[in-house]
1. Taking one equal scatterer on every alpha-carbon of region 355-397, how large is log10 of I(q)/I(0) by Debye at q = 0.19, 0.22, 0.25, 0.35 1/Å?
2. Considering only DSSP states other than H, G, I, E and B, which chymotrypsin sites (Phe, Trp or Tyr not before Pro) in region 328-409 qualify as loop sites with at most 15 other Cβ atoms within 10 Å?
3. In Å and on Cα atoms, what radius of gyration and Dmax does the chain show?
4. Give the long-range amide H neighbours of Phe463: residues separated by 5 or more places, or on another chain, with amide H under 5 Å away, using H modelled in the peptide plane at 1.01 Å from N.
5. Starting from the exponent 0.38 and prefactor 2.2 Å, build the expected Rg for region 382-466 from its residue count and divide its actual Cα Rg by it.
6. For the residue pair Arg244 and Asp160, what label-to-label distance in nm results when each label sits 7 Å from Cα along the Cα-to-beta-carbon direction?
7. Within the chain, which is the longest segment that contains none of the GluC sites (Glu not before Pro) sitting in a DSSP loop with at most 16 other Cβ atoms within 10 Å?
8. What is the magnitude of the charge dipole of region 227-371 about its Cα centre, with +1 placed on the Cβ of each Lys and Arg, -1 on the Cβ of each Asp and Glu, and no other charges, expressed in debye to the nearest 20?
Amino acid sequence: MRTATKCRAAAIEQMIRVGAQTIQSGGVGSMNRRAFIKSGLFGSALLHLPVNLRGAGRGSVVDDSGGFVRRTGRVRLDDHALIDDQGPFLGLGASYFSALWRYRHDRSRFESDLSFLAQQGFRYARVLSMVGWFEAWKGLEIAPVNFTTRAGNTVATWPDYWQALAGLVDLSYDRFGIRTQITIFADAQLMPAKGDRLEHLWRMLTEVVAGREEKIILLEVANEAWQNGFPGEAGVADLREFTRWLADRTEVLVATTSNHEGSFESVYRDSAADIATWHFSRDRAADGGWRPVIDCRRLAHVPGCPPVSSNEPIGPGSSVSSESDPAKLVLAAAYGFASGLPMHVFHSEAGVFGRTRFEDTPAIRDFRHLMRLLPGDLPNWTSTEAGEPDAPLCAEGCVSMVCCRKDVRVVCVPVGIRSESFAVSSRMPLQLRAVDILTGRELGVFDLAPGKRTPIALKSAAFILMN
């Protein structure tokens, strides 16, 4: 690492440390906490850093080749929040199903994609370790074994399969600071025998995971397992068995699948999974078009089940139904984090087959401000729906508003706002800032008196309220 890069990383680390300590202690010189925050001294400095350098802190590494921050240490869970050696962080990922094929056959495209994702603030990529059973994947097959496709075509195993997967994990993390979520059985039809599947799991742990624990954010047993080789009750039993098998042999976080043939609880209640990966509604007609944004909340705190990842939500070019509105896509992440979800994946056609490019994908550049604004431990804050007895606020003129509280700090995420009638009332004296999550711009400051209705009329479709 060059000296200049080391100095830049050290300066950033010092600025963040001093700024955080200053806010906690109450002032800069004679400035009190409110005056310091309103002055924007620390926030302005942070916002003017390159996006891939924000969040650098103790123990993080700044890569010399491109300035990408690489968070260090194995990812683990603290209640509902992800944490590594730099502390808690929000898990913003991107689908990249064809990543392994591109790593092997189109390395320059693969590196360009990861560079772009890292610059937009994405912290991991969800990749498939096998695919090719269905005709849609013809020409993009990922082959750990010899297999015959559903259409009867034969595909030869990659002789360098395990080296390629390990190399993908290394390159993603070492150069771009991107961790990997490995979805192990994407098309389990490629190896129908249970013994072969267990051997695949064993080789995954011994040839890819071992020694790379900090580079892998999550091991997911299967993708939509009921239609990819694990049907019925027997399939669920195998999935739960494989989840336990992995959890007993690695410290990397483990998830099972999103299985819509049965219930969420049948897959995850009292299981060995650390994270519950689930694919939420893409119904754009329900709840005034906001169902895909708010659907995650119903599973955020299910007794006996682990914290949830919104693992494959609606997005630009997604199957069944597609969404390209940046306001809805970024609000979906904000609403999920505020509801107690530690992980959210941006899902797009570019991240599936890759016929389009990430750079040309709507909304993909619009998450950066959100990731600067929200605290990394937000999924652990007390989360309530506005109007509930324990909620700090009531709201009208919106489809939903989730409110998070930690001590005196409050973050609220309203969705489906009707600008002409949106208003809030507080149960306590509060001063809240409205901040546009697509631009990072402060839209206004509102002083709320207990019990008093306060209209909030703003020309923004996507903002949060925070103090």
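Nothing in this text is a laboratory measurement; each read-out follows from the coordinates by a stated rule. None of these values were measured; they are calculated from a predicted model. FYI the Cβ positions are ideal-geometry reconstructions off the backbone, even for glycines, and counts take in every protein chain you see.
1. Listed by q, the Debye log ratios stand at -0.79, -0.85, -0.91, -1.09.
2. Numbers: sites: Tyr335, Phe337, Phe346, Phe353, Phe358, Phe367, Trp381; in loops: Phe353, Phe367, Trp381.
Passing sites in region 328-409 are Phe353.
3. Computed over the Cα atoms of the chain, radius of gyration and Dmax are 22.4, 76 Å.
4. Amide H neighbours of Phe463: Ile437.
5. Details: Rg = 11.5 Å, N = 85, 2.2 N^0.38 = 11.9 Å.
Output field value: 0.97.
6. With each label placed 7 Å out from Cα toward Cβ, I get 4.0 nm.
7. Numbers: sites that count: Glu251, Glu261, Glu420.
Free of exposed loop sites, the longest segment is 1-250.
8. Numbers: 14 positive and 19 negative charges, 67 e Å.
Value, rounded to 20: 320 debye.
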